[in-house]
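Every number here is computed from the coordinates shown, using simple stated rules; none is lab data. Here the structure is a predicted model, which means the values were calculated and not measured. Here the Cβ is made from the backbone with ideal geometry for all residues, glycine too, and neighbour counts use every protein chain on show.
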Amino acid sequence: MLYLAALFFTSGPVYLMSMENKNNVTEFILLGLTQDKTIAKVCFLLFLVLYAVIIFGNLLIIITIKTSERLDSPMYFFLSYLSFLDISYSTVTAPKLIYDLLVGKKTIPFVGCIAQLFMGHFFGCTEIFLLTVMAYDRCIAIHKPLHYTNVMNKHVCGCLVTASWVGGFVHSLVQALLTIQLPFCGPNEIDHYFCDVHPLLKLACTNTYVIGVIVVTNSGLISLTSFVVLAVSYVIIMVSLRSYSSKGRLRALSTCSSHVTVVILFFGPCIFIYMRPSTTFSADKMISVFYTIITPVLNPLIYTLRNEEVKNAMKKLWSRKVKRSEK
């Protein structure tokens, strides 16, 4: 993976520059969320606050898990990586969106556009795989509790996280390579607030039917297949819970409900955007806001408000900081 990354980011800029020379387009104009200056100022303040919440909330979860001895189970190991991915994924689009809300002409260089597309799909697809892994973890914990520590040991957890990163990298590399080989000869206006595959396919000066099918196969089937795996995992969980006591059942459901909520919030918009032919709708921008910004904001709230162990660990972390400040 590191070799492929090095190869892409060393030879990639040279290839991208050659593509720019073949195209008339050296930069793209992003139309953004709105053209109304008053609404743009309101959105600027709103998204600035939301992005700050994403950074603070997810960093708090990471620090809490890393410093708490009680939060050492695989579930919290995966949760810390989910928080890291939320920060990374939102950072690909949110700062540019916030900045563009205050400027008149919203432009992005050709190279920057491809880089944003690559990183967005990299972190987004990795998060999809990680959410699937987290469902598998809960399935093993509830279906085979006596074998859980042996099945989900540190080595297995590390391999599952690594596989998620590798899967996200391969997916995003395919998306980027499919896009950069397209000819762009004008127009160069993207009716979106960030660079994505479907809006760019719309601007290409060639027939993109075949590439559009590949994009749907690559992006859509990953989302759909992962969602099916998640659904099967939770069917097994629900069947297994019948043998639990009422108290144990409620505790397991409380833990799983947080994950189910996050899955629905993230997978629903992704399936809508990518499980269809390469067309764009006016609603795409608002739906994209939902899974690039709103979901990363809600994840820390969902996992903290519905999880007593995380809340107690945060209280202890806060009390330790207060005691240190008093000294």
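May I ask for the Kirkwood hydrodynamic radius of the chain, worked out over all distinct Cα pairs and given in angstroms to one decimal? Taking every pair of different Cα atoms in the chain, averaging 1/r and inverting gives 21.3 Å.
Before rounding to the nearest 500, sum -39500 (n - 2.57) across all DSSP H runs of length at least 4 in the chain and divide by the residue total; then give [θ] at 222 nm in deg cm²/dmol.
Values: 13 runs with 243 residues, N = 327.
The helix-only estimate for the chain comes to -25500 deg cm²/dmol at 222 nm.
Kirkwood hydrodynamic radius computed over region 228-274 comes to 11.8 Å, based on all pairs of distinct alpha carbons. Taking Rh as the Kirkwood radius, which is the inverse of the mean 1/r over Cα pairs, what is the Rg/Rh value for region 208-302? Result: Rg/Rh = 1.10. For region 105-203, dividing the convex hull volume of the Cα atoms by the residue count gives 109 Å³ per residue.
First obtain the Kirkwood hydrodynamic radius of region 74-153 from its Cα pairs, then insert it into the Stokes-Einstein equation at 20 °C and 1.002 mPa s, and state the resulting D in µm² per second as a whole number. Walk me through the numbers before you get to the answer.
On the way: Rh = 15.0 Å.
For these conditions, the coefficient is 143 µm²/s.
What residue among 95, 300, 269 shows peak mean-square fluctuation when the chain is described by a Gaussian network model with Cα springs under 10 Å? Looking only at 95, 300, 269, the largest GNM fluctuation is found for 95.
Membrane-span-like helices in the chain: DSSP H runs reaching 18 Å or more (Cα, own axis), mean Kyte hydropathy at least 0.5?
Details: long enough: 2-22 (29 Å, 0.70); 37-67 (44 Å, 2.01); 74-100 (40 Å, 0.61); 110-143 (49 Å, 1.27); 154-180 (39 Å, 1.23); 221-240 (28 Å, 2.36); 246-274 (40 Å, 0.98); 308-326 (27 Å, -1.53).
Helices meeting the span and hydropathy rule in the chain are 2-22, 37-67, 74-100, 110-143, 154-180, 221-240, 246-274.
Taking the alpha carbon gyration tensor of region 32-172, what are the square roots of 5 times its eigenvalues, largest first, to the nearest whole Å? Don't skip to the answer; put the middle values down first.
Numbers: eigenvalues 261, 64, 23 Å².
Values for region 32-172, descending: 36, 18, 11 Å.
Taking only the alpha-carbon atoms of region 150-260, what semi-axes of the equivalent ellipsoid follow from 5 times the gyration tensor eigenvalues under a square root, in whole Å, largest first? Mind dumping the intermediate values first?
Details: eigenvalues 345, 55, 30 Å².
Value: 42, 17, 12 Å, ordered largest first.
Overall, the chain carries a charge dipole of about 1360 debye about its Cα centre when +1 sits on the Cβ of Lys and Arg and -1 on the Cβ of Asp and Glu, all other atoms neutral.
Partnerless cysteines in the chain, where a partner means another cysteine C-beta under 4.7 angstrom, comprise 43, 125, 139, 157, 159, 256, 270.
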